[in-house]
Amino acid sequence: MIQRIQTVYLLIIVILMATTIFLPLANLEIDNNFYLFDVTGLTTIATEQSDLIYPAWALLALSSVIALIAMVTIFLFRKRILQIRLCIFNAILMLGFYGLFIYQIWDIKQTVEVMSFTGKIALTFPLICLILDYLAIRNIGADEILVRSLDRLR
C-alpha cells in the first residue's frame, strides 16, 4: 500500500487539504479595515476578538470531504477502478472548491466595496491537490493495466 507512488500522492492531498482548513485563504481590505477570509468565512483582524462577518461553512465542508475521500481512497488499493472513480470525483470537488470560493468573493464584492484582495499560499493548495490527483489517477490506471496483463499470462 505505502510502496505505491499514488498512495504518497493521495496522502499529500490529505495533508494539504487539512492544512487548507487551518490557514487563511485571502486578506481583504474593506473601508480601510482588514479582514481575513478562510474556510469558515470572513472575519475581522483589527479587533482582539475575531468576529465572523460572512460565514462560508460550505468551504469547510468541501475541504473536509476532499481530505476524507482521499484518505478512503488510499485504503481501497485492491479496488483500482473504484479508486480511479473516487479520484475523478475528488477532482470535481476540488474544482467546485474554487467555484464556491469565487462565488463567495463575488458575493462579498456585491454587498460591500472591496478595496484590495490578497490571496494567500493556502489558496493554491487545492490546485496542487488537483495535479497530484491527476498523477494518482495515471498511476492507478498503470497498475490496473499491469494487473490485467498479468492475468492474461496465467
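What to note about this one:
- Its relative contact order, with pairs defined as Cα atoms under 8 Å and 6+ residues apart, puts the chain at 33 percent.
- Distance between the pseudo-spin-label points of PHE77 and VAL114 (7 Å out from Cα toward the beta carbon): 4.2 nm.
- Heavy-atom accessible surface of the chain: percent carbon and sulfur, 1.4 Å: 67 percent
- Once Rg and Dmax of the Cα atoms in Å is calculated for the structure shown, the corresponding label among (1) 18.6, 60; (2) 19.1, 72; (3) 17.5, 59 turns out to be (2).
- Here region 64-145 was treated as a single set of alpha-carbon atoms; its pair distances binned every 10 Å from 0 give 16, 41, 23, 13, 6, 1 percent.
- Averaged over its residues, region 1-133 has an accessible area of 55 Å² per residue, based on protein heavy atoms and a 1.4 Å probe.
- Magnitude of the charge dipole, region 1-153, Cβ model with Lys/Arg +1 and Asp/Glu -1, debye to 20: 1100 debye
- Label reach from ILE128 (point 7 Å along Cα→C-beta): in region 6-43, amide nitrogens under 15 Å belong to 9-25.
- Considering helices alone, the calculated mean residue ellipticity of the chain at 222 nm is -22000 deg cm²/dmol, with DSSP H runs of length four and up weighted by -39500 (n - 2.57) and normalised per residue.
- Selection from ILE145, ILE81, LEU52 lying farthest towards where the dipole of the chain points positive, charges on Cβ: ILE145
- When the trypsin sites (Lys or Arg not before Pro) in region 1-86 are filtered for DSSP coil states and for at most 14 other beta-carbon atoms within 10 Å of their beta-carbon, the remaining sites are ARG78, LYS79.
- Rounded Å value of the spacing that divides the Cα centres of region 1-71 and region 76-114: 12 Å
- Shown is the FRET efficiency for LEU68 and GLU144, computed with R0 = 30 Å from the Cβ-Cβ distance and rounded to the nearest 0.05: 0.80.
The values are calculated or read from the model by the stated rules, or taken from the named source; none is laboratory data. Predicted model only: the values in this text are computed from it and were never measured. As a convention, Cβ positions derive from the backbone with ideal geometry for all residues, glycine included, and neighbour counts pool all protein chains shown. The accessibility values were calculated without ligands, DNA or RNA, using every heavy atom of the protein model including side chains. Shrake-Rupley method; radii C 1.70, N 1.55, O 1.52, S 1.80 Å.
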